[in-house]
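J.: One structure, as structure tokens, below. Some questions next.
The values are calculated or read from the model by the stated rules, or taken from the named source; none is laboratory data. Small disclaimer: the values here were computed from a predicted structure and weren't measured. No Cβ is skipped: glycine too gets one built from the backbone with ideal geometry, and neighbour counts run over all protein chains shown. These accessible areas exclude ligands, DNA and RNA; they are computed on the full protein's heavy atoms, side chains included. Shrake-Rupley method; radii C 1.70, N 1.55, O 1.52, S 1.80 Å.
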Amino acid sequence: MSDNQPIIQLDEGWENIKNRALDPLKELLDKDFQNQTKLFSNKEYAEIYTVCYNMCTQRSPYNWSEDLYNRHGETIAHYLTEHVVKSLNQLKGDQLLKELVRRSDNHKVMNKWMKNFFIYLDRYYVKYHHLPLLQQSGNSKFKTLVFDVVKGEVVDAILALINNERDGATINRELIRKAKEVFEDMGMGSIDTYVEDLEAPLLEATRSYYSNKSSIWVNEDSLPVYLQKAERCVEEEKLRVVNYLNTESESKLLKVIYSELLDKKQSVLLEKEGSGCRVLLANDQLDDLSRLYRLYSKLPDSLPAIADIFKQHVVDCGNDKIDLRLTRLDRVSGTSSSNTNTNNNEANEKEGASVSDDPQFIKDLLSVHDKYLRVVIEQFGNHAAFQKGLKEAFEDIVNRDAGGKVKTADLMGSFCDRLLKSGSGEKLSDNEIEDYLERTVQLFGYLSDKDLFAEIYRNQLSKRLLNQRSASDDMERLMISKLKLKCGAQFTTKMEGML
């Protein structure tokens, strides 16, 4: 400051600043800047800044930096307390949110201009004394004097609107988004305030809401309908995050929804009479099975329970095929007891089943395996739990007594013999034979006693070769190559030596 510059007394200078800057600013704030495109002209701003500058650069005892810093804060605090808080305390619900957003926006403008007027304080006084910057000080006062006072009512208003939307009402999403931004702004560079003051109550309210809904839906709805509602809720909550919540909230919200709608109700849902998981499998409700997996795949620990139901269903389907075979054998046995030996062979051929040769049984098992392998891949995402379930189910099926004191390995061997032997009555193209062989080797993989199958297969191969009944050397080699790929070279050495 020039030595010739007249000394500015504190009250004189403050009155000048107050009349030319602070009072007009507060008046404009209360009027929401109506018809005001620019609050202060460059000339007005320069004059006010110069007064502040001169008051801060006068020599002691006339350097008013400390006083101006304190009065800067007091001015903001007084306006917030007397104008903003009193206005907010009179409102509820939507009106409270609108006023909070308006007052927050206005405060940003006020804080900006208050900083600009007294910016010289930031440059020297604030740095030297390690004080909060003017803008930080203004933000802190809004948080302490306004936000902390009304945040409880504000959160209640936001949660009420969100629950109304969940119930189908149309709400002002933009208002919630702007109110959410106030919480984010109060974090002053972090989202801690948003997380602690808005997200935490939101998650608890979400838990309560969906807990109540799930209790109603689980009693009223079938499993497919319940899953459709759950999936719709998941998508709607994702959309809420996009529309008016912080993106960090999505995973936490969905975790609550999956817990309340799916995890806690899993056993009841899966066992629902007339529509549970077993019914979906039995009725081939593929879309519903896909939805079931899609939802529960977000809860990995819940999948084994579904896989166990799947496994038991496959076992039951396999057992049904075994029962059908036993029924055919009983019919053949009943026919043979009333016929001569000559007629007995004709009866066996007619029924398509005998103790050691039942192509229909193997075809039935292949059909079951193909069907549920597709379900594992297409409906259950080829998840390891369901692969394991299918494997264990077929290990149970193919290692059971298949009736007549024969093993499935015997019947698989006879089935391959039919495919590879000329004049067997199986009129198939090479592609069809190769397909059957490939699928039969898949079944073979579930056998616990693979050596038994190998012995049976070698005996039948030797008969085909000795009797010149092999339909194709290429097909014989193809089958052996498939077994070799499955079990290794040592397993097929003797077979390869026979060709």
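J.: Going through region 222-245 one residue at a time, which ones are under 21 Å from Lys178 (Cβ atoms) and in contact with a Lys or Arg (Cβ under 7 Å, 6 or more places away or on another chain)?
T.: The answer is Asn243, Tyr244, Leu245.
J.: Residues to consider are Leu281, Leu270; find the one that is within 30 Å of Asp320 (Cα to Cα), touching a Gly at 6+ places or on another chain (Cβ under 7 Å) and open to solvent by less than 20 Å² (accessible area, probe 1.4 Å).
T.: On inspection, the qualifying residue turns out to be Leu270.
J.: Oh, and also: State whether one or more residues within region 367-376 are within 22 Å of the chain's Cα centre (by Cα) and more than 20 Å from Leu326 (Cα to Cα).
T.: Within region 367-376 (the criterion being within 22 Å of the chain's Cα centre (by Cα) and more than 20 Å from Leu326 (Cα to Cα)), the answer is yes, since at least one residue qualifies.
Residue-wise test of (1) more than 21 Å from the chain's Cα centre (by Cα); (2) open to solvent by less than 50 Å² (accessible area, probe 1.4 Å); (3) modelled with pLDDT of 95 or more.
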residue	(1), (2), (3)
Asp156	yes, no, yes
Leu161	yes, yes, yes
Asp167	yes, no, yes
Asn172	yes, no, yes
Val182	yes, yes, yes
Thr206	no, yes, yes
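J.: Out of region 35-69, which residues are under 15 Å from Lys115 (Cα atoms) and touching a Gly at 6+ places or on another chain (Cβ under 9 Å)?
T.: Matches in region 35-69: Val51, Cys52, Leu68.
J.: Shifting gears a bit: Checking Asp263 against (1) modelled with pLDDT of 95 or more; (2) open to solvent by 30 Å² or more (accessible area, probe 1.4 Å); (3) closer than 30 Å to Leu443 by Cβ; (4) of a type in the set (Asp, Glu): exactly one of these is not met. Which one?
T.: (3)
J.: I've got another one for you. Could you please tell me which pairs satisfy a Cβ distance under 6 Å, a separation of 6+ or placement on different chains, a first residue in region 149-163 that is at positive phi, and a second residue that is crowded, with 17+ Cβ neighbours inside 10 Å and hydrophobic (A, V, I, L, M, F, W, C)?
T.: Within 6 Å, no pair qualifies.
J.: Right, next: Name the pairs whose Cβ atoms lie under 6 Å apart, with the first residue in region 237-253 and within 13 Å of Leu198 (Cβ to Cβ) and in contact (Cβ under 8 Å) with a residue 12 or more places away in the chain, the second open to solvent by less than 70 Å² (accessible area, probe 1.4 Å) and aromatic (Phe, Trp, Tyr), and 6 or more positions between them or separate chains?
T.: Asn246/Tyr194
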